[in-house]
Amino acid sequence: MITPKPVVVALPLDHQTDELLATVLDLGQRLECPIVVVHALGKRRLESEPSTANRIAKAKQTLGLRLQPLWKAGLDVREEVEVGTPAELAINTALRISAQLIITGGGRPATIRRWLVGSAVEDIVHRALVPVWVVRGERAVRRPVLCPINLSSPSHLGLASAVRMARLFEVPLRVMTVLSDNASGERPSVEDARQDLEQMLTQQAAVGLDVAVDVMTGSPTERILDAADDAGMLVIGSRGFNPLVPELLDTVTTRALRHSQCSILAVREVHVDLEANEAEIARLADACRVTWQLIEDNRAADALAVIEPVARRAPCNATIQEAYGIVLEKVGREVESRARRELAQMIRARIDRS
């Protein structure tokens, strides 16, 4: 018998904890999989080891009380409390245990808090390599699952996830696409778009589900967010993942995280172009190594020719931006040098605040 992959729950201890745990209880009973609940404690300057250990012990005690309903229901649940950032703890735990999903609270758009969409949740969605369920509103999925499809770059994994969730929670599935009024070139007809969606559904295990297919015209983001008002979960799939710029999400995902009232399941097909991405990372790493060697050899002009294109391709890499700044200073471009070093500091500061 194959043991199901675990689910990671990034749990804040606040007003939304009980609501989130109710969703986890429902999902755990349906999936029958192990659940790992993680809670991050903020760093404190100059804190002693005994003080840190005391804080962790108290947090585990509080967490244990909140987890009693899950244990009483017979779920396989364990908790982990560490000092650090919520996003790092959730993402690293998911990677370490090969989790199938990360679940986190999403707050309510009108009252965004730092732990929620303003910081940690967006950071998890931006950087996670597994699907992320941002729980909002109802304690369980009772209304239809909505899955928008971009026909120019369809995410089959996103559609498969939507089918799975609709079947898991026994709710209807609504698949939609929006033909943009601003699309460049000739767009497909409404009928052709509908046939494309129906063809995609034939490749999924959707038999027996209550499935509706909708084709609309207009602004994709606005249409999708309007349709999400009647959904219990919005499943957004995107193809590809650029580890050099992991925060690049499509407009729909970003707007949904900040404005949608319903729960969101964000799914990335990280395997798409993975070999190309890995090769690019290797090339950039080699270029960075060569740059540092040229700096040590006082060959700043040669180093500039190497690092300048690299800095353009990896704008969110603090190490590369810092190296670029050093080289710029050595060739006399001091203003640009300060800007690059400040950028590197901003990138690192943002990671520390997550």
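The values are calculated or read from the model by the stated rules, or taken from the named source; none is laboratory data. Since the model is a prediction, treat every value here as computed from it, not as a measurement. Here Cβ is always computed from backbone atoms with ideal geometry, including for glycine, and neighbour counts include all displayed protein chains.
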Tell me, yes or no, whether segment 114-121 has at least one residue that is in a strand (DSSP E or B), small (Gly, Ala, Ser), touching a Pro at 6+ places or on another chain (Cβ under 8 Å) and modelled with pLDDT under 90. no
List the strands (runs of 3 or more DSSP E) that sit entirely inside segment 1-96 and contain at least 2 residues that are not hydrophobic (A, V, I, L, M, F, W, C). 77-83
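Picking from LEU63, LEU129, LEU67, LEU75, which residue would you name as being modelled with pLDDT of 85 or more and farther than 17 Å from LEU13 by Cα? I'd like the intermediate steps shown before the answer.
Working: LEU63 fails: farther than 17 Å from LEU13 by Cα; LEU129 fails: modelled with pLDDT of 85 or more; LEU67 fails: farther than 17 Å from LEU13 by Cα.
So the residue among LEU63, LEU129, LEU67, LEU75 that is modelled with pLDDT of 85 or more and farther than 17 Å from LEU13 by Cα is LEU75.
Residue by residue, here is whether (1) in contact with a Cys (Cβ under 9 Å, 6 or more places away or on another chain); (2) more than 19 Å from ARG283 (Cα to Cα); (3) modelled with pLDDT of 90 or more holds:
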{"site": "VAL310", "(1), (2), (3)": "yes, no, no"}
{"site": "ARG333", "(1), (2), (3)": "no, yes, yes"}
{"site": "ARG341", "(1), (2), (3)": "no, yes, no"}
{"site": "ILE347", "(1), (2), (3)": "yes, yes, no"}
{"site": "ASP352", "(1), (2), (3)": "no, yes, no"}
Among the residues of segment 132-164, write down those that are over 13 Å from ASP230 (Cα atoms) and either over 19 Å from the mean Cα position of the chain (by Cα) or surrounded by fewer than 22 Cβ atoms within 10 Å (Cβ to Cβ) (or both). ARG139, ALA140, ASN150, LEU151, SER152, SER153, PRO154, HIS156, LEU157, ALA160, VAL163, ARG164
